[in-house]
Amino acid sequence: MELWYTENHTEHVRFSLKVKEQLCSKQSDFQHVAVLESIEFGRILTLDGYLMVTEKDEFIYHDMIVHVPMATNLDIKKVLVIGAGDGGTIRELTRYKSIELIDMVEIDSVVVDVCKEFLPQTACSLDDPRVHIYYEDGLKFVRRKVNEYDLILVDSTDPFGPGEGLFTKEFYGNCYNALNDKGILVNQHESTYYDEYVEAMKRAHQRIKETFPIAKVYQAHIPTYPSGHWLFGYASKHYDPLADLQEEKWNELGIKTKYYNTKLHVGSFALPNYVKEQLNEQE
Ligand code: SAM
């Protein structure tokens, strides 16, 4: 008998992976958490049936959410990460010796426990002494913080379910306040290839643009996410991701990456015309 995992990317498009077995299936207070062993993509984590991470392509997402802001400001010392229960973002951050503190706010402890047991490839650095994990809603956590962080990474689920509040104007305003005067915010920004995701992405970008003086969008190719074309939002009170890129200094660090490099950093901000039109951005 053949086993297949299928995610509906739209009402009319399905994406399927052949699976060897289900390793874990748990209902938490927030969502259904599962790990499957797929043949092509290794272990995969799903939340409420939506694919979050695969062993084969997680490096792309985690490289791009972390190294783009880090190469823009090499003085980042205090980081807040919201979501990120699989640990991949934390793994990449802990490769920087210069980072002193990482607060991670994950709403669901079950995700972290499951990933520690079944996805050590991403969860391997969650015990780093610089990492402090808080199990609560990121929306509430960030309300209490003022002028504390150099960088905030929003590594969340989609704009529905527990992740919904992380795409609101209130949340972006609170991130602005939680950042110091040179702070950077990066969030996963969905994709706009399929029509049904366009409005949510446009709304999120508009809200970020109204909150931060610098607000841009960059892209990566992630095979297992809907359409394979994924966007990230970059916002800052001070640093421009292109003008301030510290290309030489970042390369001197000798951090070996499988996807990110400083040439790709620059290229990732060059968006296709249809995305530029959606964002209302002209050259
Ligand atoms: N890379 C993934 C993607 O884009 O599909 C995201 C993966 S990570 C597992 C997302 C995490 O965000 C989940 O573990 C989820 O529990 C967490 N999350 C969702 N809403 C949250 C909230 N309001 N506060 C904190 N964490 C939240």
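Kindly establish whether Ile76 is touching a residue at least 60 places away in the same chain (Cβ under 8 Å), surrounded by fewer than 24 Cβ atoms within 10 Å (Cβ to Cβ), away from the ligand (no atom under 11 Å from the Cβ) and among the β-branched types (Val, Ile, Thr). Taking the combined requirement at face value, the residue satisfies it.
Screening the candidates Arg91, Arg43 for the property of being open to solvent by 30 Å² or more (accessible area, probe 1.4 Å), more than 8 Å from the ligand (Cβ to nearest atom) and not assigned by TED's automatic domain parsing to the domain that holds Thr157 yields one hit, Arg43. Picking from residues in the stretch 55-66 that are of a type outside the set (A, V, I, L, M) and buried (at least 24 other Cβ atoms within 10 Å of the Cβ), the one that is nearest to the ligand (Cβ to nearest atom) is Tyr61. Tyr193 falls short on exactly one of the conditions (1) open to solvent by 70 Å² or more (accessible area, probe 1.4 Å); (2) more than 16 Å from the ligand (Cβ to nearest atom); (3) part of a loop (DSSP other than H, G, I, E, B), and that condition is (2). Among the residues of the stretch 244-283, those that are in contact (Cβ under 8 Å) with a residue 40 or more places away in the chain, over 19 Å from Val217 (Cβ atoms) and among the charged types (D, E, K, R) comprise Glu247, Lys249, Lys258. From the list Asp158, Asp86, the lone residue that is at pLDDT 95 or above, of a type in the set (Asp, Glu), in the same structural domain as Leu231 (by TED's automatic domain parsing) and within 11 Å of the ligand (Cβ to nearest atom) is Asp86. Of all residues in the stretch 97-118, those satisfying the criterion of being buried (at least 19 other Cβ atoms within 10 Å of the Cβ) and not in a helix (DSSP H, G or I) are Ile99, Ile102, Asp103, Met104, Val105, Glu106, Ile107, Asp108. Selection of the stretch 4-33 for residues being closer than 20 Å to Pro223 by Cβ and open to solvent by less than 90 Å² (accessible area, probe 1.4 Å) yields Tyr5, Thr6, Glu7, Asn8, His9, Thr10, Val13, Phe15, Ser16, Leu17, Lys18, Val19. Filter the stretch 134-155 down to the residues that are part of a helix (DSSP H, G or I) and near the ligand (Cβ under 10 Å from one of its atoms), then identify the one that is surrounded by the fewest Cβ atoms within 10 Å (Cβ to Cβ). Checked the stretch 134-155; the qualifying residue surrounded by the fewest Cβ atoms within 10 Å (Cβ to Cβ) is Lys140.
Of Leu166, Leu179, all but one fail to be within 16 Å of the ligand (Cβ to nearest atom) and within 28 Å of Arg95 (Cβ to Cβ); the exception is Leu166. Residues of the stretch 72-89 that are of a type in the set (A, V, I, L, M) and under 16 Å from the mean Cα position of the chain (by Cα): Val79, Leu80, Val81, Ile82, Ala84.
The values are calculated or read from the model by the stated rules, or taken from the named source; none is laboratory data. Computed from a predicted structure; not experimentally measured. Positions of Cβ are backbone-derived with ideal geometry, glycine not excepted, and every protein chain shown enters the neighbour counts. Just so you know, the surface numbers come from the protein's heavy atoms only, side chains and all, with ligands and any DNA or RNA stripped out. Shrake-Rupley method; radii C 1.70, N 1.55, O 1.52, S 1.80 Å.
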